[in-house]
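One structure below.
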Amino acid sequence: MSDTTARAPLGTPIVQPIHHSAAYAFDSLAEARAVFAQRAGGFTYARTGNPNVAALEAEITRLEHGECAVATASGQAALALALLALTGPAEDAHAVVSSRIYGGSVDLLTDTLADTGLEVTFADPRNPQEWEDALRQGTRVFLLESIANPLTELPELETIAEIAHRHGAVVIVDNTVATPHLYTPAEHGADFVVHSATKYLSGHGGPLGGLLVDAGRFDPTRDPERWPWLTERQHRWGDRSAVEVYGAKRALLGVARCKYLNDLGPCMGATTAHEILQGITTLGVRVERQSATAQRLAATLSEHPAVAHVHHPRHNGPRQAELLETGGYHGAGGVFSVELHGTPEQVEQAVDALRLIKLAANIGDVRTLVAHPASMTHCRLTPEQFAASGITENTLRFTVGLEDEADLTADLFQALSVIAPAEAPHAHA
Ligand SMILES: Cc1ncc(COP(=O)(O)O)c(C=O)c1O
């Protein structure tokens, strides 16, 4: 028997250990002072960094072909940090935002951040002219989703980004539904990419998390008067500017992390970062299967007599199909929606009749879920926002998991028989 007590055992863990430590120790006060003053790199306190979180930030930076990233407690926090750092101190702050976007983002923009003075104009992501028309002197941000939640519209991103850049605004793309496995917005004009890591990146419906990635394109020194809180000296940064402390290409994320994340506190914990990193190791396999199943279910349901229309990039008209083929997408993702025939009461009965498919407000889980956006994810839209969103009382959103396709088809057909009976087709071999 070998004696393993005398020396360290051979072999290193394949999976990074979880560094469950709130604070970090220094060998001297001089060392601590340098790190706290940001003259030397290092961890101080887990609100602004942790080895597991740093590993996740490095991984999403790699996947999104970015420059750097900040992890947050939720997707909502990632978007909030980005918007605060890009518009917070501006007196004339204005954002142009896709009318086809997650309802929580609408709440954040038109309620909570509106309280800080931010003004928003909504525009259709399929119509670049609406974005051009919405521009003002104070427009600093364009925000859109690479595959829209819940109706799966694909944006005219390259044209819209060109408009933003021509007028000194930056483009934030929420890449949650597409994931970097299917689409990398930084290669199509995005300056910043945000994720709800709660969804496909984690993949198993457990932790909440968010990520904000800087594509490395935004340089506030090109128009310093437009971004004085980044380019001018401030007490906060030791009488230096954020650009001097972090560099021009990293100033925005430096401020997002060391001002807003530090002061407001929506940080990611080590265990969450660990779980999301584990999820990312299977991202490609899950997303490819979920995309393939979603595409087949969407095609099957488009023939169902209870279904008036299917919202899926392959069913949203020729231009959307063209964007899917030639716009840099490697698949349409695992989300699709349907417009049902029938009364709202019949739609409710169909939802309640689903058995395998669970009624829950999440996407990207390995379990297939259904949501009624008008009552759930988008329930606080105003009548005007609701009309612009394309969502109706008869819209159902599905996020496809990893179950057997035949079981999902059978569940859908038995539930939709409340509206119109039909025979389920034979499962795809
Ligand atoms: C597209 C999209 N972005 C952002 C969010 C917000 O993410 P989180 O729930 O992690 O805060 C969601 C949540 O549903 C979402 O669907």
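Say R0 is 35 Å: what FRET efficiency, to the nearest 0.05, do Val366 and Glu225 get from their beta-carbon distance? In this case the efficiency is close to 0.10.
Near Glu145, within a Cβ-to-Cβ distance under 9 Å, what is the net charge of the other residues, with Lys and Arg +1 and Asp and Glu -1?
Details: positive: Arg100; negative: Glu153, Asp174.
After counting each charged neighbour, the total is -1.
Based on the convex hull around the alpha carbon atoms, the range 25-115 presents an average projected area of 8.3 nm².
For the options Thr300, Thr198, Thr87, a Gaussian network treatment of the chain with springs between C-alpha atoms closer than 10 Å singles out Thr300 as fluctuating the most.
Under a Cβ-Cβ cut-off of 11 Å, what is the net charge of the residues other than Phe336 that fall near it, where Lys and Arg count +1 and Asp and Glu count -1? Kindly include the intermediate steps, with their values, before the conclusion.
Values: positive: Arg296, Arg314, Arg397; negative: none.
Net of charged neighbours comes to +3.
Please tell me the relative contact order of the chain in percent, rounded to the nearest whole number, where contacts are Cα pairs under 8 Å and at least six residues apart. Before the final figure, lay out each step's value.
Details: 856 pairs, mean separation 71.7, N = 429.
Result for the chain is 17 percent.
Taking a ≥ b ≥ c as the square roots of the eigenvalues of the Cα gyration tensor of the range 29-277, is the shape rounded (a/c under 1.5), prolate (a/b larger than b/c) or oblate? Verdict is oblate for the range 29-277. A compact globular protein would have a Cα radius of gyration near 2.2 N^0.38 Å; the ratio found for the chain is 1.05. Where the centre of each part is set by its Cα atoms, how far does the range 174-206 sit from the range 375-429, in angstrom? Answer, in whole Å: 23.
Taking a point 7 Å out from the Cα of Leu264 in the direction of its Cβ, the residues of the range 105-129 whose backbone N falls within less than 15 Å of it are 105-119.
Using the Cβ-Cβ distance between His341 and Glu244 with R0 set to 56 Å, the FRET efficiency from 1/(1 + (r/R0)^6) comes to roughly 0.35. Each residue, Gln414 and Leu356, gets one label point 7 Å from its Cα in the Cβ direction; the gap between the two is 1.0 nm. Among residues other than Ser202 with Cβ under 12 Å from its Cβ, the summed charge is 0 (Lys and Arg +1, Asp and Glu -1). Result for the chain in a Gaussian network model with C-alpha springs under 10 Å: among Gly88, Gly279, Gly11, the largest mean-square fluctuation is at Gly11.
Here the simple spin-label model places points 7 Å from the Cα toward Cβ, and for Glu119 and Ala90 these points are separated by 1.2 nm.
Stretched out straight at 0.36 nm per residue, the stretch from Thr392 to His426 would grow longer than its current Cα-Cα span by 9.2 nm.
Scanning residues 5 or more positions from Val120 or on other chains, those with amide H under 5 Å from its amide H are Ala95, with H placed 1.01 Å from N in the peptide plane. The angle between the Cα long axis of helix 270-280 and the longest principal axis of the Cα atoms of the chain comes to about 50 degrees, rounded to the nearest 10.
How much mean residue ellipticity at 222 nm does the chain get from its helices, if each DSSP H run of length 4 or more adds -39500 (n - 2.57) and you divide by all residues, to the nearest 500 deg cm²/dmol? Intermediate values should be presented prior to the final figure.
Values: 16 runs with 142 residues, N = 429.
Estimated from H runs of four or more residues: -9500 deg cm²/dmol.
Of the beta bridges in the chain, as assigned by DSSP with both residues counted there, near 55 percent are antiparallel.
Laboratory data are not the source of any read-out in this text; all were calculated from the coordinates shown. In this text, all values refer to a predicted model and were calculated from it rather than measured experimentally. Because the Cβ atoms are built from the backbone with ideal geometry, glycine has one as well, and the counts that use them run over all protein chains shown.
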